[in-house]
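Here the structure is laid out as structure tokens; the discussion comes afterwards.
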Amino acid sequence: MPFFKEIKNIVFMVVIFALAATLVAVSVMFALRGSKLNDKYVSMRKELESTKESLAAVENEKNTVESELENERKERQRLEQENAGLKTEIEQLRAKKAEEEAKKLNQQKPQTPPPATKVCYLTFDDGPCENTLAILNILARYNAKATFFVKGNSKCIDYVKNIKDAGHAVGLHTYTHVYEQLYASDAAYFNDLNAVSAAVEQRIGNVKLVRFPGGSSNVVSKKHCLGIMTRLTKSVPEAGYAYFDWNVDSGDAAGYNSEKIIEAVLSQASKKSGAICVLMHDIKTSTTQALPSVIEGLIQQGYYFDALSHDSYGFHHGVKN
Ligand code: ZN
């Protein structure tokens, strides 16, 4: 019996020992696994840290590039402003030079006053048109001669023959009347002048009277070509033409009605002591309506009517460009 008891004890001991050993082995296993996980965790954290650092570096670089770009933008803006300032300065200098040249030109050719004779040159610009025939009828009624500065691209250009046949003068105004085209350069002006000249010549022969669109004193041309009027008022006469401005403005181009046209012409004429040249436009019906009273009023003031010729007084305004 004691022998069996001894065996039982030994078995019990062995089982206990085995259990203890298993427990130790499992603990060691878990401890090892835990340490591996910890290592992995540490390395991941390190990786995360370094990723954060490189992100911060990229962010810094982005900020630097952005501030550099901003600086460049400001610098460009400053240069652009400087450039605009210089351009304006150049424009001003050019305008001043053109003005001085114009002054010099006017000083060289002092304007003689209009002839003392009370001759009236009625002038009609921008036609011919349908209205021109009505104007010719009115002029015929008073036996008054006038001058028509025509537009070459008018669809009624054939009326230049009616004008000439009625004893009036035909002058060249422009082919297109488009300022930015005809005042783009000296060559552009002469192209336009040659075109209107050819259109008239093929119908009634050569014509050498000219009226500049806007007159020789126009400043609109300044926008398109500086100093062009200073040059054209020399080169156009040198090419054999005589150009004419006016000293009485009917205001019809500004939209005056017939009463205002009559009042404008008669009041301006009454202040002149000699020859007058009246600016009108045959394309305006208000002008046609006003014409009989204009003629009668001028006759009352002692004027007689004539057509311009190459040697007539030019009524030059004086150049401003
Ligand atoms: Zn005109």
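Computed from the alpha carbon positions, the gyration tensor of the chain leads to an equivalent ellipsoid with semi-axes of 104, 24, 18 Å, biggest first.
Nearest 500 deg cm²/dmol is fine: what mean residue ellipticity at 222 nm does the chain get from its DSSP H runs of n ≥ 4 alone, each adding -39,500 (n - 2.57), divided by its residue count?
-21000 deg cm²/dmol
In nm, what is the difference between 0.36 nm times the number of residues separating Arg33 and Ser293 and their Cα-Cα distance? Spell out each step's value before the answer.
Working: separation 260, 0.36 × 260 = 93.60 nm, distance 12.08 nm.
The span from Arg33 to Ser293 would gain 81.5 nm if fully extended.
Rounded to the nearest 0.05, the FRET efficiency derived from the C-beta distance between Gln92 and Asn143 at R0 = 51 Å is 0.45. Under 18 Å of direct C-alpha separation, and excluding same-chain neighbours fewer than eight residues apart, Lys272 reaches these aspartates and glutamates: Asp245, Asp249, Glu263, Glu296, Asp306.
Label sites at Leu23 and Ser67, each approximated as a point 7 angstrom past Cα along Cα to Cβ, lie 6.6 nm apart.
Taking a straight line from the alpha carbon of Lys155, these lysines sit under 19 Å away, with near neighbours fewer than eight places off in the same chain left out: Lys164, Lys284.
Taking Cα atoms only, the orientation of helix 285-300 departs from the longest principal axis of the chain by about 40 degrees. All other residues whose Cβ lies under 11 angstrom from that of Ala144 are scored, Lys and Arg at +1 and Asp and Glu at -1, for a net of 0. Going by alpha carbons, how many degrees (0 to 90, nearest 10) lie between the helix axis of 130-141 and the longest principal axis of the chain? Its long axis makes an angle of about 20 degrees. The trypsin sites (Lys or Arg not before Pro) of region 135-198 that meet both conditions, a loop assignment by DSSP and at most 15 other Cβ atoms within 10 Å of the site Cβ, are Lys155.
By count of other Cβ within 10 Å, fewest leading, how are Ile228, Ile10 ordered?
Ile10, Ile228
Sequence-ordered 3J(HN,Hα) estimates for region 86-99 from the Karplus curve with 6.51, -1.76 and 1.60 and θ = phi - 60° stand at 5, 4, 4, 4, 4, 4, 5, 4, 4, 4, 5, 5, 4, 5 Hz, glycine and proline given as x.
For a footprinting-style exposure proxy, rank Thr147, Thr176 by other Cβ within 10 Å, fewest first.
Values: Thr147 24, Thr176 16.
In order of increasing Cβ crowding within 10 Å: Thr176, Thr147.
The loop-placed trypsin sites (Lys or Arg not before Pro) in region 224-321, going by DSSP, that have at most 13 neighbouring Cβ atoms within 10 Å of their Cβ come out as Lys271. The lysines whose alpha-carbon is closer than 26 Å to the alpha-carbon of Lys87, local same-chain residues fewer than 8 away aside, are Lys74, Lys96, Lys97, Lys103, Lys104, Lys222, Lys223, Lys320. Rounded to the nearest whole Hz, the Karplus-based 3J(HN,Hα) values (6.51 cos²θ - 1.76 cosθ + 1.60, θ = phi - 60°) of region 230-240 follow the sequence 4, 6, 5, 5, 9, 6, 5, x, 4, 7, x, with x at glycine and proline.
None of the figures in this text is laboratory data; all of them are computed from the coordinates on show. Because the structure is predicted, anything quoted here is derived from the model rather than measured. Virtual Cβ from ideal backbone geometry, glycine too; neighbours counted across all protein chains shown.
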